[in-house]
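Down below is the structure, laid out as structure tokens.
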Amino acid sequence: DGGITQSPKYLFRKEGQNVTLSCEQNLNHDAMYWYRQDPGQGLRLIYYSQIVNDFQKGDIAEGYSVSREKKESFPLTVTSAQKNPTAFYLCASNKQGAGETQYFGPGTRLLVL
Amino acid sequence: SQQGEEDPQALSIQEGENATMNCSYKTSINNLQWYRQNSGRGLVHLILIRSNEREKHSGRLRVTLDTSKKSSSLLITASRAADTASYFCATDAQGSAGGTSYGKLTFGQGTILTVHP
């Protein structure tokens, strides 16, 4: 069963806490992406990675960090510097990254306690 | 700022009717893609149309692209209640040298489609 998995489905963060969202894919895709979606809005790009051990900032990277140690995995950390983290976070991947179809995971909803 | 602007923001129709959604964008593109999102779920890819294409079909879906007007439309024919979802256009803008933007899709705010049984 190939695809992209994200965990957890729901995540609660306390003030000043860092939390990490998991994204794993078994599609053998080179490129992976993290998006943030606010209610009634489109997706905004946080970070993306075209190859292992390399990643670039998207449009709203402040307060977030990522790593790409393995091709299959692209975890996103929401740091305490992100003052408004409540949102729906979507991970996506595609084969070569050059504007081709992106395949999305089911998302993680992050809520602040 | 958002590259794609979708119109209308919300559309409500009866089963069996056609639904048309429009997307406008600002910069030159390599391709334009349409995605669907059911409430609280991830996005599902529907169609990709390249800048040198004018029309594409997939089942009940028809997408047109007018690069001179920087606009695209998605037509869903004979709609069903199961088509109820949000629909987003996303553009792969050309890079500064005319090449790819390395997969950096820019999404519009979406059209919420409700199909009543």
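Results, tabulated for the structure shown:
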| read-out | value |
| --- | --- |
| Translational diffusion of the protein assembly as shown, µm² s⁻¹ [Kirkwood Rh, Cα pairs; Stokes-Einstein; 10 °C; 1.306 mPa s] | 88 µm²/s |
| GluC sites (Glu not before Pro) within the range A:46-113, DSSP loop, no more than 12 other Cβ atoms inside 10 Å | A:Glu62, A:Glu69 |
| Efficiency of FRET from Cβ geometry, B:Ser39 and A:Tyr10, R₀ 22 Å, rounded to 0.05 | 0.90 |
| Lysines whose Cα lies under 27 Å from that of A:Lys70, excluding same-chain neighbours fewer than 8 positions away | A:Lys9, A:Lys57, A:Lys95, B:Lys104 |
| Qualifying trypsin sites (Lys or Arg not before Pro) in the range A:1-106, DSSP loop, other Cβ atoms within 10 Å at most 12 | A:Lys9, A:Lys14, A:Lys83 |
| Computed FRET value (nearest 0.05) for A:Leu27 with B:Ser68, which takes r as the C-beta separation and R₀ as 30 Å | 0.25 |
| For chain A: rounded, prolate or oblate by the Cα gyration tensor [a/c cutoff 1.5] | prolate |
| Convex hull (Cα only) mean projected area of chain B, reported in nm² to one decimal | 7.1 nm² |
| Reachable lysines from A:Lys14, criterion Cα separation under 18 angstrom, eight or more residues apart if same chain | A:Lys83 |
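Every read-out reported here was derived from the displayed coordinates using simple, explicitly stated rules and does not represent laboratory data. Just so we're clear, the structure is a prediction, and the values are computed from it rather than from any experiment. FYI the Cβ positions are ideal-geometry reconstructions off the backbone, even for glycines, and counts take in every protein chain you see.
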